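The values are calculated or read from the model by the stated rules, or taken from the named source; none is laboratory data. Bear in mind that the values here come from a model prediction, so they are computed numbers and not experimental data. All Cβ positions, glycine included, derive from the backbone under ideal geometry; neighbour counts span all protein chains shown.
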Amino acid sequence: MWRESLVAWLLVAMIVWSLFAVGGVYVWAAAPLIAGSVLLAVLAPPKPGSSPETRTLDVLLMASVGACLLQLVPLPPLVRTAVSPNADRIDAAVRLRPIDAAAPWQPISVAPLSTAYAIALVLTALVFFWSARRCCARGMTHRIVRQVAFAGLMAALVAIALQARSDGTLIYGRWHAIDAGAHPFGPFVNRNHFATWVLMACPLAAGYVSSTFGHRRSSPGGRAPMVAAAVEWLGTSGAWVGAAGLVMILALVVSTSRSGLVGLVAALTGAAYLARHRLTSRTAAASIVAVIAVVLFVVAYANVRPLMSRLGGTLIGDTEEGRTRIWRETTRVARDFPLTGTGLGSYQTTMLTYQRTGRDRFINQAHNQYLQLLAEGGLLLAVPLALTVIAFIRLFLTRLAQDTSSSAWLRIGGGAAILAVAVQSIWETGLRIPANGLLFAAAAAVAVHRPPRGSERL
């Protein structure tokens, strides 16, 4: 049992480190995460495919990683040109040499080192997912989610405090971001990437709160008067996790992330749909009251004018960030590399030659997670990823239908968190950030873990 507890604490430590170490966006911050995944693999060796229920999902996950690894395999010039005819042109432009001077054997990726680093981060998240799924199956879901919520509370308080004191251009109010045009918010280099993290943490926190209500109703003390039970609940971890969720939503509004707000609405809508068969008229009314209370809390304590101004700009066609232009540029890459892509993590190298407009600002991300994955991975990666998504959804719906315990609310929270990020990813690439990748893996593990035997300790 000590081994499982150590693994759970290591999972939490990786989440907290990635969150406060600038989202893990720089190598010095991501290196401990990679080392942590190696330690996880030693303490609790992953056993993908060992369970018939999860075998399809695990095999497809490994196939997706295998597709990325194929991008690093050196190929003869004729083969490389056949599967990726435009790669030589990027090599020649980036390395300032004639096309015919290319090395005899080269990988598909136009930036092999960047691809290797990106694969290392993907493997870190994958090992994290398998380890978290195992811990959740052994009754540690509440512990992990609770620590995530408290870490999010601290990050949100820091972000709100710094936003009030600084001009919004410094990380932690002290350091300049390396990235040009960055909009730091709290511990993150970009406010939209902070929003990605909060979009996953808030539904998990809401699921935790709902599960504690269900747990108390099913406990021997459930016959206590309703008012007395409510007062007693205010001193529990559920109340504190709920308060953490409120503060995180407040920070999300303060960040003025438009994609974050859309993702939050998607999470709320998705959670309501997933919980439709579990809600009674009383709990549905209580949920509506809770949502109204959250809205009133945010309006009372947050200056919503900046967010409304940005939303208004969107409605009247404000194209300050030029997303449509970026999407057009990225579409050209996807069209020229349809089979194999340019290599995972190679987007910035590719745009050195593919960016045609607005050279006053370098395009370092596609502002669309799906489009960037298609450009970097082509059909080689897109096909196994699409099958992985289908397998995950099927497993999630099966697990949710089978789960009749109060912990099903945590599962709903995990599903809503993933939906929120899926919607936000239409405009952002927040999952590139290691902190968001790890929390995404944690939410996925909560959503599809095997229900533990017996009651789970809160």
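Brief remarks on what is shown
- Contact annotation: residue pairs with Cβ atoms under 7 Å, 6 or more positions apart or on different chains, pairing a residue in segment 108-124 that is within 12 Å of ILE90 (Cβ to Cβ) with a partner that is surrounded by fewer than 18 Cβ atoms within 10 Å (Cβ to Cβ), are ILE108/VAL83; SER109/LEU72.
- Counting residues in segment 48-67 that are farther than 30 Å from PRO184 by Cβ, in a helix (DSSP H, G or I) and touching a strand residue (DSSP E or B) at 6+ places or on another chain (Cβ under 9 Å) gives zero.
- Residue check for ALA137: surrounded by fewer than 19 Cβ atoms within 10 Å (Cβ to Cβ), modelled with pLDDT of 90 or more and over 20 Å from GLY430 (Cα atoms): yes
- Test result for ALA243, crowded, with 24+ Cβ neighbours inside 10 Å and modelled with pLDDT of 90 or more: no
- Residue that is in contact (Cβ under 8 Å) with a residue 24 or more places away in the chain and of a type outside the set (S, T, N, Q), where the choices are ALA13, ALA29: ALA29
- Restricting attention to segment 90-107, the residues that are modelled with pLDDT of 85 or more and either of a type in the set (Phe, Trp, Tyr) or over 33 Å from the mean Cα position of the chain (by Cα) (or both) add up to 1.
- So ARG411, is it under 22 Å from LEU279 (Cα atoms), in a helix (DSSP H, G or I) and of a type in the set (Lys, Arg): yes
- Considering the conditions (1) among the polar types (S, T, N, Q); (2) part of a loop (DSSP other than H, G, I, E, B); (3) surrounded by fewer than 19 Cβ atoms within 10 Å (Cβ to Cβ), GLN348 is excluded by exactly one of them, (2).
- Selection count, segment 315-334, where residues are assigned to a helix (DSSP H, G or I) and either surrounded by 14 or more Cβ atoms within 10 Å (Cβ to Cβ) or modelled with pLDDT of 75 or more (or both): 12
- So THR124, is it in a helix (DSSP H, G or I), modelled with pLDDT of 95 or more and either among the basic types (Lys, Arg) or over 15 Å from the mean Cα position of the chain (by Cα) (or both): no
- The set of residues from segment 394-434 being in contact (Cβ under 8 Å) with a residue 12 or more places away in the chain, surrounded by fewer than 21 Cβ atoms within 10 Å (Cβ to Cβ) and among the β-branched types (Val, Ile, Thr) comprises THR398, VAL423, ILE426.
- Residue identified as within 29 Å of VAL291 (Cα to Cα), modelled with pLDDT under 95 and out of contact with any Ser or Thr (no Cβ under 9 Å at 6 or more places or on another chain) among GLY221, GLY186, GLY214, GLY181: GLY221
- Every test in (1) touching a residue at least 60 places away in the same chain (Cβ under 8 Å); (2) over 21 Å from the mean Cα position of the chain (by Cα); (3) surrounded by fewer than 17 Cβ atoms within 10 Å (Cβ to Cβ) is passed by THR342 save one, and that test is (3).
- Test: residue in segment 95-103 that is in a helix (DSSP H, G or I) and within 23 Å of GLN365 (Cα to Cα): yes
So that you can scan it fast, the table gives a plain yes or no per residue for (1) over 19 Å from PRO104 (Cβ atoms); (2) not hydroxyl-bearing (Ser, Thr, Tyr):
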{"residue": "PRO45", "(1), (2)": "yes, yes"}
{"residue": "THR54", "(1), (2)": "yes, no"}
{"residue": "LEU60", "(1), (2)": "yes, yes"}
{"residue": "VAL65", "(1), (2)": "yes, yes"}
{"residue": "VAL73", "(1), (2)": "no, yes"}
{"residue": "PRO76", "(1), (2)": "no, yes"}
{"residue": "VAL79", "(1), (2)": "no, yes"}
{"residue": "SER84", "(1), (2)": "no, no"}
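- When each of ALA386, ALA391 is tested for being free of Cβ contacts under 8 Å to residues at least 12 places away in the same chain, surrounded by fewer than 24 Cβ atoms within 10 Å (Cβ to Cβ) and either closer than 30 Å to ILE119 by Cβ or among the polar types (S, T, N, Q) (or both), the lone residue that passes is ALA386.
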